[in-house]
Amino acid sequence: MRSEKLPEAPHRESSRRRRNILAPLALVATIAVMTAGAVTLVSGISPDSQATGTRAATGAAPHDDVRTDMGNDPPRSLIAAGRVAMSAYWTGSWQEVGKAEHKVSRGTLNTTVKRLTRTWFVYSPLNDTYEQTQWSWVDVAPGLQKAAVLEGELPSKRLGVLDLSTRKVLSWIDLPQGAASATWSPDGKNILATSYDRHPDEIEFVNANTRYGTKGVSPRSGFFIVDATTMTARFNPVPRGDKQAAHPRNDFRWASPNLITGETNDALSFDLDGEARAMPSGHVELSEDKAGRAGLSPNGKLLAGPAGMPTKVIDRASGLEAGTQPVLELLAWADDEHLIALGCEDRCANEFRNALVLVSVDGREVTRLSSYREDGGSDATWHPVLTLR
Amino acid sequence: MATSTPAHAIERCVSNTWALGCYDEVGYTIEACDKNADGRRSGTSIDSSDGYTEVFDTDGANNGCTGESAWFAAPFPGTIYTLRAWRQNGNYGSQENPVQGTYTAS
């Protein structure tokens, strides 16, 4: 495949460039491999894989175009490359919800309790733009036709499946225990919703950069598995364990279409009935130290390494480097030879000023897809959600 | 791999490829340093009998550091505390590639 650096958009409008990045026949083959389960562990790598990971394909028509929007921050028109699109993004804001006082050994500590509220924007195929939504959580299904949404303040008591063409909710289901995240299974059949007793994004701040917490039990109470076809839900309670940090959110995520995991180190995993299960063999290869968010290539031959410039892609058969890339993090495979990544501006004087890019495995081709975020480490900036088209 | 300074030192540090976290037992400051250009902040925490305190590196430069006062969590001499450093997954606040050490305050 040939890829050339795209020019910057001269003014505030999107640019749409179409280039072949895979022959259609090859893409069909790619998706067939995906459905066969070659990447069933991909989304188990990162605890926030639902936000910037990918899903397995479900037979959707292949796409061979690259779409960029470098003129708008946040993006307005579709960003996509190969089999992956930015289906949605969120921006966050911290709102004060109270004060707290703690008697500590050396005096009294006063903190401000703040809550992170996310505003979700979803791509509208009808209007070809990202549109703000009213939902407290959104996750778009593979194929970009439907989205799971949570209603009202978190933890939400109701989950809906939204038709993205009409923006109407097709069906609702009650979640009596409350949920604060929702994510589609890799095969698009089920929705995983993590339940909490209270808002999981409520944190005590000493100042803008210092957070404080006391010991206690985790507010995470279990998870729902929602059958997206029948819209029936099953709640699986999970032992709570200790609260590990100042930030209580600790969402469950998909390790495969039939396996849920709940810790960064995957110490906990469950089947869809909530029974504890061992992680499948091969999972070690995809551990946090060895594999990044993008995981395995569509054909299963390459493994994207963890975040950190330069990133690496490993040939699984030989164990050797297939290439290094001048990017911050590899996010998702666009095809077997290219990845969507987070790239730095210029020589990377500031790693938080970054953008979505398309990079080749050999690292020689880097094509910017979005505008640069002013501070990619901030909750206030836009956070991309990548989904298979 | 956790590394620690000698017993007589006043600053304790833990470090790995991605993050360096230090605690100054005299100045009561916590410092978070980023060692890797990955687009993520690094975080450092101390966990003592007075609670759990964490700070984050806000310097976008590779190897940038940010320090904050944490007098309220300062462990008394002879008490045990845990120092931890990691790189922060910004979207959900989870800690990736953590490294930690347990110390007795001097």
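Bear in mind these aren't lab numbers, they're just calculated from the coordinates by the rules spelled out. Every value quoted in this text rests on a predicted model; they were computed, and no experiment measured them. So basically every Cβ, Gly included, is an ideal-geometry build from the backbone, and we count neighbours across all protein chains shown.
If you take every residue apart from B:ALA61 with its C-beta less than 14 Å away from the C-beta of B:ALA61, what net charge results, scoring Lys and Arg +1 and Asp and Glu -1?
Values: positive: A:ARG347, A:ARG353, B:LYS35, B:ARG40, B:ARG41; negative: A:GLU345, A:ASP346, A:GLU351, A:ASP375, B:ASP34, B:ASP38, B:ASP57, B:ASP59.
Within the 14 Å Cβ shell, the charges total -3.
For the peptides A:310-317, A:103-110, residues were scored by their other Cβ atoms within 10 Å and the scores averaged per peptide; the highest-first order is A:310-317, A:103-110. For A:LYS168, a cut-off of 30 angstrom between C-alpha atoms picks up these lysines, skipping any fewer than 8 places away in its own chain: A:LYS146, A:LYS157, A:LYS189.
When only the Cβ of Lys, Arg, Asp and Glu is charged (+1, +1, -1, -1), the dipole of the range A:257-389 relative to its Cα centre reaches about 320 debye.
Working note: Karplus 6.51/-1.76/1.60 with θ = phi - 60° gives the range A:312-328 the couplings 10, 10, 9, 7, 5, 5, 9, x, 8, 5, 8, x, 10, 10, x, 10, 7 Hz, where Gly and Pro are set to x. For a straight C-alpha distance cut-off of 24 angstrom, the lysines reachable from B:LYS35 (same-chain residues fewer than eight places away being disregarded) are A:LYS290, A:LYS312. Less than 5 angstrom separates the built amide H of A:GLU131 from those of A:VAL122, A:TYR123, A:SER124, all sequence-distant by 5 or more or on a different chain. Considered as an equivalent ellipsoid built on the Cα gyration tensor, the range A:149-219 has semi-axes of 30, 14, 12 Å, the largest given first.
Under 8 Å for C-alpha pairs, at least 6 residues apart: give me the relative contact order for chain B, rounded to a whole percent. Don't skip to the answer; put the middle values down first.
Values: 294 pairs, mean separation 28.2, N = 106.
Relative contact order here is 27 percent.
For B:SER42, the residues whose modelled amide H falls within less than 5 Å of its own, excluding neighbours fewer than 5 places apart on the same chain, are B:ASP57, B:GLN88.
Within the shell defined by Cβ-Cβ distances under 15 Å, the residues around A:GLY107 carry a net charge of 0, with Lys and Arg each +1 and Asp and Glu each -1. Take each peptide in A:292-305, A:222-235, count the other Cβ atoms within 10 Å of every residue, and average; sorted highest first, the result is A:292-305, A:222-235. What net charge is computed for the residues neighbouring A:GLY376, neighbours being all others with C-beta under 11 Å from the C-beta of A:GLY376, Lys and Arg scored +1, Asp and Glu -1? Result for the neighbourhood of A:GLY376: -3.
Can you classify the range A:200-240 as rounded, prolate or oblate using the Cα gyration tensor, where a ≥ b ≥ c are the square roots of its eigenvalues, rounded means a/c under 1.5, and otherwise it's prolate if a/b beats b/c and oblate if not?
Details: a/c = 7.63, a/b = 2.41, b/c = 3.17.
Note, shape of the range A:200-240 comes out oblate.
Distances between every pair of Cα atoms in the range B:5-106, grouped in 10 Å steps from 0 to the bin holding the largest one, split as 18, 52, 26, 4 percent. Shape of the range A:265-389 from the C-alpha gyration tensor: oblate (a/c of 1.5 or more and a/b not above b/c, with a ≥ b ≥ c the square roots of its eigenvalues).
Would you mind classifying the range A:108-190 by shape? Square roots of the alpha carbon gyration tensor eigenvalues, ordered a ≥ b ≥ c; an a/c under 1.5 is rounded, otherwise it is prolate if a/b is larger than b/c and oblate if not.
Values: a/c = 2.38, a/b = 1.64, b/c = 1.45.
Note, shape of the range A:108-190 comes out prolate.
Computed over the range A:327-389, the range of Cα coordinates on each principal axis works out to 32, 28, 15 Å, biggest value leading. Put in line by how crowded their Cβ is, counting other Cβ atoms within 10 Å and starting with the fewest, A:TRP333, A:TRP382 read A:TRP382, A:TRP333.
How do A:SER378, B:SER42 line up, fewest other C-beta atoms within 10 Å first? Walk me through the intermediate numbers first.
Numbers: A:SER378 15, B:SER42 30.
Ordered by Cβ neighbours within 10 Å, fewest first: A:SER378, B:SER42.
Look at the stretch B:38-46: the mean tally of other chain Cβ atoms within 10 Å of its residues' Cβ atoms is 6. Distances between placed amide hydrogens fall under 5 Å for A:ARG67 paired with A:ALA80, A:ALA81, all partners being 5 or more residues away or on another chain.
Fewest neighbouring Cβ atoms within 10 Å first, the residues A:HIS199, A:HIS338, A:HIS102 line up as A:HIS102, A:HIS199, A:HIS338.
Averaged over peptide B:67-80, the number of partner chain Cβ atoms lying within 10 Å of each residue's Cβ comes to 3. Taken residue by residue and averaged, Cβ atoms of other chains lying within 10 Å of the Cβ of A:102-114 number 3.
In order along the range A:170-180, the phi-based Karplus estimate (6.51 cos²θ - 1.76 cosθ + 1.60, θ = phi - 60°) of 3J(HN,Hα) comes to 6, 6, 10, 9, 7, 10, x, 7, x, 9, 10 Hz; Gly and Pro are listed as x.
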